[in-house]
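Nothing in this text is a laboratory measurement; each read-out follows from the coordinates by a stated rule. Being a predicted model, the structure only gives us computed values, none of them experimental. Glycine also receives a Cβ, built like all others from the backbone with ideal geometry; neighbour counts cover every protein chain displayed.
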Amino acid sequence: MDENMNENANENTNEIMNENMNENMNENMNEKTSFSRRTVVWAVSSIAAVAAFFTTIWFAMEAAVTDWLFSLSYDHYEQGTADVVKNTLKSFSRGNSVKQMIQIAVVMGIVTLAAIVVSIITSGKKSEGKVRLAPGDRCFGEIQVFGGILAGCAYYPAVLLMIAGITGAQKFLPGRITRSLIDNTASLDGGITWNQIVDRTGGITKIVSPWFALTMGILMVIAITVFELWVIQSITRKLKNRSFWKNTIIGKLLFAGRNLFQRSTKTQLKIMGLALAMIILSAVFPVGTIIAIVLVMWQLPKYLKRFSDIEKAAEQTASGDLTVEMPRLYNGDELDRLSASINSISDATKIAVDKELKNQKMKTDLITNVSHDLKTPLTSMVTYVDLLKNEGLQSENAEEYLDIISQKTERLRRLTLDLFDAAKASSGDLPVEIGRVDLASLASQSVGEFSDDFQSRNLQVIMGGEDSVNVMADGRYLWRVMENLLNNIRKYAMEGTRVYIDLSSEGGMGKISVKNMSSTQLNVPAEELVQRFARGDESRTTEGSGLGLAIAKDLTVLMKGQLKITVDGDLFKAEVMLPLAED
C-alpha cells in the first residue's frame, strides 16, 4: 500500500509540474506571439508610412511641375513660336492628368497619416502595457527636434533634384512635355531650348544627368522621411514612457536644480542668497560691497561659535561621556540637525550600554540561580547518602533518608526537564499544530487537575467572563501554559484567598486572565518575572525552578500569541492572548 501511495503521489506531483510547465510555456508563447504581432504591425505601418509619404510627394510634385509647364507665359516669344507652344501643350491632356495626380496625392496623404498613427501606437508597446525604449531614444530631445528641423529643410534640395529629373526624363509626363516643346520649336527662330528649361528647374541637369538627379532626390526623400518618422516615434515612446523631460537638456537642468535645492541645507541657501545679495548690492550701490562684508562678519562668528560647541560636545561623547547633550537652537538648520543626530546616537548608545549591562547581569544571575537550584538537591542527596553509609540500611532512619533522596532526585529531574523545555521553547524548535481550542473548556479542565492542591491551601477559584471563547492554538502547548500558570498559583498564592480566572475577546484576540494574591512580597519587576530562573522570592527558599513563566511566555509566542504579566503590590495577574478562531 505504501508503494502504491508513493507512486500515486509521484504521479500527481508530475502531473501538477507538467501542468505548471505547460501553463508557463503557453504564457511565454502567447507573450512572444503578441510581441511578434505588434512588431510586424509596427514594421508594416512604418514602411507603409514612408512609402505613402514618398508617393504623396511624388504625385504632388509631378502635378505642380505639369501645371507649371501648362501655365508657361507666351508673351515674350515671337508669334510663330508662341503658336507652336500653344498647340504643343494642347496636344497633352492638362485637366485629367493634373487632377488624377492631385487625387492620388490626397489619398496617399491620408494613408500616410493613418500609417503614422498606427506606427506610433504600436511603437515600443509591450504586452504588460509598459513601453520599451529603443537604444537611440536616450538621445536628448532637443537634438532630435533640431535634427528633425534640419532634415525637414533638406526636403527642398531633394525635391529640386526630383523636379530636375522628371523634367529631363521623357519617361514622365513633364519630361515628355519638355521634349515636345524643344523638338517642335527647334526649327524656329527664338524657339525653346533645353538650357531655358534647365534654368527654370534650378540648372541642376547642367551638371548631372536627369536620371542621376532623380535617383539622388528619391534617395534623399526616403532617407529624410525615415529619419523624421524615427524622431516622431522616439519622442512618442518617451512621452508614453513618461521619460521625455528626463531625456532633454532642459529637463536635466531643471531636475538638477530642483534636486540641488531639495538637498540644500538652510546654510547653503543662506550662502547662495548672501552671494546673490553681494552681487546685487555691489552693482547697485557704491557701498554695497561694504554692507555685504558687514553682514558676513555679523553672521559668521555665530556659526563658528555653534560649530565649536558641537565639536567639544562630540569629543566628550566620543570619550565615553554619554551624559553630554549637544546644544540646539531648534531652528532647523544643518547644525541643529547635526546636534539632534549626535544626541540621538548618544541616546541609542546609552540604551545599548544599559541593555548590555542588564544582559550581563542576567547572565550572571542565570549562572548563579542554576548553580543554586542544582546544588541544593544535590547537597541534600549527598548528605543523606553519607548518613545511609554511616548508619546502614538497617537503621530506623533509613526509610526517611531514602524518601528524602527520592524527593530531591525527582526535583532534580523536573528541573532538568524544565531546562530542556525552556531551551526548546525559546529557540522555537518545536512542531506547532494550530487548531480550534475552547478556552473555557481548557480552563475548567486545568482547574480540575489542581482542585486537590487548591483545596489543601484553601484557595477558592472563581471563573467569570464569556461562556465560550474559541482561539487558534496548539492544544498541547496551551495546556502546558495553563498548567504552569496554575502551578505558579499553587506555589505562591496566599492561603485562604480567591483566584480569579476570566475569559474575554476583543480586537480579534481571545484572552484568559488569571489573578491571585501573592503570599510573599513581590520585589521583582513584572518584565523580569518571565525571565529564566526568575523567582518572586529572592531568597529562593520556596519550591520551584523559576522556569514556569518563561516557558509559558515562549510557548504563547510560538502560537502567535502574547503573555502579559502585571504586578500591583501583592496582586499578581497573568493574561494569555491568542488569535480568535473564525466562526
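Quick notes on this one:
- FRET efficiency, 1/(1 + (r/R0)^6) with R0 51 Å, evaluated for ILE280 and GLN316 via beta carbons: 0.75
- In the structure shown, the pairs LYS358/LYS515; LYS355/LYS553; LYS350/LYS564; LYS350/LYS553; LYS358/LYS408; LYS252/LYS302 are assessed against 25 Å; a Cα-Cα span above that value is assigned to LYS358/LYS515; LYS350/LYS564; LYS350/LYS553; LYS358/LYS408; LYS252/LYS302.
- A full extension of the chain between TRP245 and GLU410 corresponds to an added length of 51.4 nm, given 0.36 nm per residue minus the alpha carbon distance.
- Placing pseudo-labels 7 Å out from each Cα toward the beta carbon at ARG337 and VAL385 gives an inter-label distance of 7.0 nm.
- Gain in span if fully extended, GLU575 to MET494, counting 0.36 nm per residue against the direct Cα distance: 27.2 nm
- FRET E, pair VAL145, PHE212, Förster distance 25 Å, beta-carbon r, rounded to 0.05: 0.15
- Approximate spin-label separation GLU325-GLN103, in nm, with each point projected 7 Å along Cα-to-Cβ: 9.4 nm
- Sequence ranges 393-400, 320-327, ranked by mean other-Cβ count within 10 angstrom, highest first: 320-327, 393-400
- Antiparallel DSSP beta bridges within segment 432-579, percent to nearest 5: 80 percent
- Under 5 Å from the amide H of GLY510 lie the amide H atoms of LEU578, LEU580, each residue being 5 or more positions distant or on a separate chain, with H modelled from the backbone and absent for Pro and chain starts.
- Taken along the Cα-to-beta-carbon direction at a fixed 7 Å, the label points for PHE420 and ASP467 span 4.3 nm.
- Gain upon complete extension [PHE70, LEU430; 0.36 nm per residue less C-alpha separation]: 119.4 nm
- In terms of the mean number of neighbouring beta-carbon atoms within 10 Å, the peptides 48-59, 337-348 order highest first as 48-59, 337-348.
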